[in-house]
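Written out below as structure tokens is the structure these notes cover.
The values are calculated or read from the model by the stated rules, or taken from the named source; none is laboratory data. This structure is a prediction, so every number in the text was calculated from the model and none was measured. Here the Cβ positions follow ideal geometry from the backbone for every residue, glycine too, while neighbour counts run over all protein chains shown.
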């Protein structure tokens with residue numbers, strides 16, 4: 001990877017945009033010009049951003065489904081095994097195991113594990129928690145959690161030309177276009 | 001059509017503030033110097049919390065007999081307080097999950113606040129059954145871990161164990177939901193932090209969130225999943241709490257109407273608590289343009305609707321008691337309305353059925369003093385509802401020789417007061433250190449309005 005001004009490798013370039021509409025216009029234009037590795041930092045989920053970046057639908061639903069099924073079947077197994085194998089105890093003449101009375105605990109454990117999968121999966125797919133990211137180096141990064149929108153063109157290898165990318169961002173209305181080092 | 005929708009939208013955020021103004025208003029509450037009034041309130045609620053700790057300490061060192069529970073009234077203030085606090089929490093989940101799935105935009109400014117209320121209410125609720133077992137240091141026996149003495153497992157055929165799973169799942173999932181919602185706002189606080197301590201604390205709590213489009217893609221899916229999971233969860237929790245009663249054979253408890261009736265009552269009492277706290281908070285922090293009269297009016301409408309469901313359930317209980325032809329059931333209900341605890345019954349009817357009828361009138365529905373007074377009445381009424389269900393059903397056993405009465409001791413009363421202290425203390429800490437309105441969601445709603 002080519003060296004930046006200080007000799008360290010370049011992560012990409014970034015510029016600040018005034019509002020979400022200009023950010024989306026710029027993203028569409030950059031994709032038309034052939035930039036593939038794009039990202040944006042925004043203070044809220046911007047409608048249309050996934051489409052503009054060509055992001056696929058998050059697969060978290062499948063993780064939650066699998067964890068939920070594991071929770072429910074695990075709970076049924078637990079209730080059957082403790083009640084009729086490990087310590088069978090006659091209480092009010094009730095059967096040692098019955099599906100009906102096992103539903104509440106199975107349901108609760110399904111919800112619990114599915115929620116863990118949804119949150120844990122979200123953090124894992126996002127690579128969080130993490131202490132550092134090159135986009136934090138942008139001088140206006142703090143505004144991206146307030147009222148501004150950061151557009152990032154990530155480097156895609158040695159053929160990446162930061163000067164051209166900076167020029168592209170400026171021409172599309174981006175301000176404070178900067179090179180981000182790794 | 002377009003004008004109609006834009007006028008309702010604007011009623012949710014007044015004065016068209018910019019995105020930066022939203023950040024300043026909400027984050028500013030956390031960043032400015034602690035107001036004197038906050039310290040005064042904190043001193044008061046903190047002292048009440050100490051009262052709670054003292055009462056629990058007294059209970060543990062002396063024995064469960066310091067409460068007024070007796071035979072036949074084995075469940076009294078403890079279970080009443082437990083059901084009361086769990087019910088309070090339900091409005092938070094309703095607002096954050098169910099209204100989210102229904103795309104009700106008015107939930108946006110109040111959901112964070114209501115979710116925090118859920119967490120603190122569940123924390124207060126958990127105290128009571130834990131100490132009611134008498135030996136709280138062995139409360140973990142309720143979980144499926146074989147204990148050292150007998151290799152015993154919990155009895156999964158009992159609704160009391162279902163309750164343990166329901167409440168602990170509810171508390172955990174509510175915490176996840178609340179925290180996930182907080183992450184982007186914590187990042188905002190981190191980016192605005194001036195002092196090193198704030199940078200580190202909010203930096204750690206925000207987990208390195210940077211609002212990347214890829215983050216939001218997974219984040220929105222996770223949030224939707226949590227909303228979808230919390231919706232049946234919240235309905236299950238109070239249904240399972242009601243099983244504690246409905247699965248028994250006691251007249252007054254053994255009723256199939258209990259699950260929906262309990263869920264409606266929980267939402268009713270929870271909204272009353274949100275209104276009580278929100279009316280004070282929006283005044284104290286100058287949030288009238290983000291939490292508008294439209295929000296308050298909608299909450300009052302929910303209270304009116306759920307209050308009617310609760311009133312209907314009271315009526316149906318009496319009808320079924322008569323229609324069943326069961327003399328014990330009939331006696332239990334006649335005794336409820338005319339017996340020694342009839343005063344509690346009529347407080348309940350007055351506060352839960354009659355008081356919310358004021359909300360039919362727009363003038364009262366949009367009057368802050370009126371809604372504050374009515375919400376307090378509903379809080380009181382819903383506590384008495386649980387008291388009536390529990391104590392009035394227990395105190396007249398099947399045989400008159402086993403009849404008894406319950407009178408709360410000073411420990412009962414101070415423990416209840418102390419639980420309010422804990423709840424309000426946690427709340428004060430929340431409004432002081434965390435953003436009490438979801439900034440990222442309010443901004444997203446404003447942007448959607450601009451775009452439309």
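Among the residues of the stretch A:85-102, is there at least one that is in contact (Cβ under 8 Å) with a residue 24 or more places away in the chain and surrounded by 14 or more Cβ atoms within 10 Å (Cβ to Cβ)? Yes, that holds for at least one residue. Just one of (1) more than 29 Å from residue B:185 (Cα to Cα); (2) facing chain B (nearest Cβ under 8 Å); (3) touching a helix residue (DSSP H, G or I) at 6+ places or on another chain (Cβ under 7 Å); (4) at pLDDT below 90 trips up residue A:33, so point out which. It is condition (2) that residue A:33 fails.
Between B:377, B:413, the distinction of being modelled with pLDDT of 95 or more and surrounded by fewer than 16 Cβ atoms within 10 Å (Cβ to Cβ) belongs to B:413 only.
On the given criteria, is residue A:93 more than 7 Å from chain B (Cβ to nearest Cβ) and at pLDDT 90 or above? The answer is no for residue A:93.
The set of residues in the stretch A:127-146 that are over 16 Å from residue B:193 (Cα atoms) and out of contact with any strand residue (DSSP E or B) (no Cβ under 8 Å at 6 or more places or on another chain) comprises A:127, A:128, A:129, A:130, A:131, A:132, A:133. Take the stretch B:206-226 and flag every residue that is more than 8 Å from chain A (Cβ to nearest Cβ) and either buried (at least 19 other Cβ atoms within 10 Å of the Cβ) or within 26 Å of residue B:397 (Cβ to Cβ) (or both). Within the stretch B:206-226, B:206, B:223 meet the criteria.
Among residues of the stretch B:120-155 being part of a helix (DSSP H, G or I) and exposed (fewer than 12 other Cβ atoms within 10 Å of the Cβ), the one that is nearest to the other protein chains (Cβ to nearest Cβ) is B:140.
Per-residue answers, yes or no, for (1) surrounded by fewer than 18 Cβ atoms within 10 Å (Cβ to Cβ); (2) over 17 Å from the mean Cα position of the chain (by Cα); (3) within 30 Å of residue B:21 (Cβ to Cβ):
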position: B:242; (1), (2), (3): no, no, no
position: B:261; (1), (2), (3): no, no, no
position: B:266; (1), (2), (3): no, no, no
position: B:271; (1), (2), (3): no, no, yes
position: B:274; (1), (2), (3): no, no, yes
position: B:290; (1), (2), (3): no, yes, yes
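Quick one: is residue A:155 surrounded by 13 or more Cβ atoms within 10 Å (Cβ to Cβ) and in the same structural domain as residue A:15 (by TED's automatic domain parsing)?
yes
Scoring residue B:223 on the criteria (1) modelled with pLDDT of 90 or more; (2) under 19 Å from the mean Cα position of the chain (by Cα) leaves a single failure, condition (2). Among the candidates A:99, A:113, the residue that is over 29 Å from the mean Cα position of the chain (by Cα), more than 7 Å from every other protein chain (Cβ to nearest Cβ) and within 21 Å of residue B:236 (Cα to Cα) is uniquely A:99. The criterion of at least 3 residues that are more than 27 Å from residue B:424 (Cβ to Cβ) and modelled with pLDDT under 90 is met by the following helices (runs of 4 or more DSSP H) wholly inside the stretch B:1-97: B:2-10, B:19-31.
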